[in-house]
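Peer 1: So that we are looking at the same thing, I have put the structure below in structure tokens.
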Amino acid sequence: MEDVLKGRLGGTDGFDVRCSLDGDRIVGRAGGKLHGKDINLEITETGVVGVVGNDDVKVELQEGELRGHVGRERVTLRGVDRVTGFFGEPIVGWNILAQQQGQKLIGRLGSTVLGKDFEFDLGSAPGWVGTLVAVVAFYALEPRASVKK
């Protein structure tokens, strides 16, 4: 059964995110035709693997958390409906906080000043999937999130 996850990251100055969820596959796009990146993820028995643009995504379930990387940035996510975590390095990184309410996910990546709000319609997907898609989209389109080291 195919479901649609769609929403916006960064408010009116941000960008749209739209993904289809078909079984264990999450396929879609962050941004528009001219400035956007394709998202192609697969939920496995141990985590999530895939690509955003040309960068690898790999997170694995370890000690009750999803841990891994999006491109060269580390990510940690905890929770299912209420998701917390961190994206990036301890010194230069972004806090993650999201709350699922029914089929809606509302969250924030980063601080009050420099962060980005996001809001997604999840369909039947759990909150952690929407939060991971938000992090992947943020990495793909925010210049400071995807700086190559």
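The values are calculated or read from the model by the stated rules, or taken from the named source; none is laboratory data. Since we're looking at a predicted model, the values are computed, not measured. Cβ coordinates were reconstructed from backbone atoms using ideal geometry, including for glycine residues, and neighbour counts include every protein chain displayed. Just so you know, the surface numbers come from the protein's heavy atoms only, side chains and all, with ligands and any DNA or RNA stripped out. Shrake-Rupley method; radii C 1.70, N 1.55, O 1.52, S 1.80 Å.
Peer 1: Using a 1.4 Å probe and counting only protein heavy atoms, arrange Phe120, Phe86 so the residue with the most accessible area comes first. Before the final figure, lay out each step's value.
Peer 2: Values: Phe120 0, Phe86 60 Å².
Descending order: Phe86, Phe120.
Peer 1: Assuming R0 = 22 Å, can you tell me the calculated FRET efficiency for the pair Val27 and Gln103, based on Cβ-Cβ distance, to the nearest 0.05?
Peer 2: Numbers: r = 20 Å, r/R0 = 0.89.
Once rounded, the FRET efficiency stands at 0.65.
Peer 1: Using only Cα atoms, what Kirkwood radius does region 64-149 have, in angstroms?
Peer 2: Numbers: mean 1/r = 0.0783 Å⁻¹.
Final number for the Kirkwood radius of region 64-149 is 12.8 Å.
Peer 1: Averaging over every viewing direction, what projected area does the convex hull of the Cα atoms of region 3-144 cover, in nm²? Walk me through the numbers on the way to the answer.
Peer 2: Numbers: hull surface 31.1 nm².
Over all viewing directions, region 3-144 projects a mean Cα-hull area of 7.8 nm².
Peer 1: Give the residue from Leu141, Val4, Ile43 lying farthest towards the positive end of the charge dipole for region 3-144; charges sit on Cβ (+1 for Lys and Arg, -1 for Asp and Glu) and the dipole is referred to the Cα centre.
Peer 2: Leu141
Peer 1: Suppose accessible area is computed on protein heavy atoms with a 1.4 Å probe; arrange Leu97, Leu122, Leu34, Leu66 from highest to lowest. Don't skip to the end; give the middle numbers.
Peer 2: Numbers: Leu97 80, Leu122 0, Leu34 180, Leu66 20 Å².
Descending order: Leu34, Leu97, Leu66, Leu122.
Peer 1: So what is the 222 nm mean residue ellipticity for the chain from helices alone, if each DSSP H run of at least 4 adds -39500 (n - 2.57) and you divide by all residues, rounding to the nearest 500 deg cm²/dmol? It would help to have the intermediate numbers written out before the result.
Peer 2: Numbers: 1 runs with 15 residues, N = 149.
It lands at -3500 deg cm²/dmol.
Peer 1: Follow-up question, since we're still on this one. Cα-based Rg of region 95-145 per 2.2 N^0.38 Å, rounded to two decimals?
Peer 2: Numbers: Rg = 10.7 Å, N = 51, 2.2 N^0.38 = 9.8 Å.
For region 95-145, the normalised Cα radius of gyration comes out at 1.10.
Peer 1: Another one. On the full set of protein chains, 1.4 Å probe, figure out the accessible area of Val49 and give it in Å² to the nearest 10.
Peer 2: 60 Å²
Peer 1: Length gain on complete extension for the stretch Phe86 to His35, per 0.36 nm per residue less the alpha carbon to alpha carbon distance? If you can, show how the numbers build up before the last one.
Peer 2: Numbers: separation 51, 0.36 × 51 = 18.36 nm, distance 2.55 nm.
Stretched out fully, the Phe86 to His35 stretch lengthens by 15.8 nm.
Peer 1: About the Cα centre of region 3-144, what is the dipole size in debye to 20, counting +1 per Lys and Arg Cβ and -1 per Asp and Glu Cβ, all else neutral? Kindly include the intermediate steps, with their values, before the conclusion.
Peer 2: Values: 17 positive and 20 negative charges, 77 e Å.
For region 3-144, the charge dipole is close to 380 debye.
Peer 1: Enumerate by residue number the GluC sites (Glu not before Pro) in region 55-149 meeting two conditions: DSSP loop (anything except H, G, I, E, B), and at most 14 other Cβ atoms within 10 Å of the site's Cβ.
Peer 2: On the way: sites: Glu60, Glu63, Glu65, Glu73, Glu119; in loops: Glu63.
Taking region 55-149 and a limit of 14 other Cβ atoms within 10 Å, the loop GluC sites (Glu not before Pro) found are Glu63.
Peer 1: Does anything in region 4-31 have its amide N under 20 Å from the 7 Å Cα→Cβ label point of Leu114, and if so which residues?
Peer 2: From region 4-31, the list is 9-11, 13-15.
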